[in-house]
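The block underneath contains the structure these notes are about, expressed in structure tokens.
Laboratory data are not the source of any read-out in this text; all were calculated from the coordinates shown. Please read these numbers as outputs of a predicted model, since none were measured by experiment. Cβ sites come from the backbone with ideal geometry, for glycine too, and all protein chains shown count toward neighbours.
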Amino acid sequence: MRVRFTRFTFDSDQRLLLDGGQPLHIGPKAFQLLEILIRNAPRALSKKELFEEIWPDTFVNEANLAGLVNEVRAALGESAREQQFIRTVHGFGYAFVGTIDNPEIAPPAAIVIFRGQEFPLKEGVNVLGRDASADIQIDDGTVSRRHASITITGTAVLQDLDSKNGTFIEGVRITEPMTLGDAQTFVLGDASVAFRRSQAASTTVTVAKVSPAAG
């Protein structure tokens, strides 16, 4: 992965962080943290997720993560008050918010669209819900904290996670995992969400017209 943001270049293959053409020196763990945040931008990652990525199967003090964030910020010339690149999500974690000029990152496997905003889906399990720890946060009072999941493999499979108000396709509450087609709409509680396959996806998809669930 090679990306540019403002005057910086991040190259994960060559293990380089450049300011203009000049290499910046940051430790391997700080470099890994920056890579994880860029790959998931603009999604906020929980401290738990970051600990599991950077220190798998190892218990470390929370101050270690804060130290890495400070190291990355110092390299990028920002402070905790001036969060141009690394945003602190208080009580939760961190997100990369810099503007990427040339994203050389593989497109997402798929996206969901809620209230006009696009959210990328990764390969594997994506949890949708109202909770801040959900992979895709659906901010609606009728949505449970961890309402449903979409699992992306060769297909996209929607599953309700014992939600209070249910998950619906074509107005019918689902009780078992269901395959989603491209351009299909589903409803979490009263929140309508559209599913789209990435244009780069090689899987053959179908188009389904779905009416939202009744109140």
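Counting DSSP beta bridges with both partners in the chain, what percentage is antiparallel, nearest 5? DSSP beta bridges in the chain are roughly 95 percent antiparallel.
Check each of the trypsin sites (Lys or Arg not before Pro) in segment 1-54 and keep only those in coil by DSSP with at most 13 other C-beta atoms within 10 angstrom; list them in order.
On the way: sites: Arg2, Arg4, Arg7, Arg15, Lys29, Arg39, Arg43, Lys47, Lys48; in loops: Arg7, Arg15, Arg43.
Qualifying residues, ordered by number: Arg7, Arg15.
Shape verdict for the chain, please, from the Cα gyration tensor: rounded (a/c under 1.5), prolate (a/b greater than b/c) or oblate. Since a/c reaches 1.5 and a/b is larger than b/c, the shape of the chain is classed as prolate.
Modelled spin-label separation between Asp13 and Val172, with each label point placed 7 Å from Cα along the Cα-to-Cβ direction: 4.8 nm. Net charge dipole, the chain: roughly 280 debye, given to the nearest 20, about the Cα centre with Cβ charges of +1 for Lys and Arg and -1 for Asp and Glu. Length gained on full extension, Asp162 to Ala80, computed as 0.36 nm times the residue gap minus the Cα-Cα distance: 25.6 nm. Placing +1 on the Cβ of every Lys and Arg and -1 on the Cβ of every Asp and Glu, with no other charges, gives segment 128-175 a dipole of roughly 120 debye about its Cα centre. The separation of segment 156-193 from segment 42-85, counted between C-alpha centres, amounts to 34 Å.
What number comes out for the charge environment of Thr153, summing +1 per Lys or Arg and -1 per Asp or Glu over other residues with Cβ under 15 Å away?
On the way: positive: Lys122, Arg197; negative: Glu123.
Charge balance near Thr153 sits at +1.
Springs between Cα atoms under 10 Å define the GNM used for the chain, and in it the highest mean-square fluctuation of Glu49, Glu62, Glu123 occurs at Glu62.
Count the lysine pairs in the chain whose Cα atoms sit under 22 Å apart, keeping only pairs 8 or more residues apart in sequence or on different chains. Display every interim value, and only then the final one.
On the way: Lys29/Lys47; Lys29/Lys48; Lys47/Lys122; Lys48/Lys122.
Lysine pairs, 8 or more places apart or on different chains, close enough: 4.
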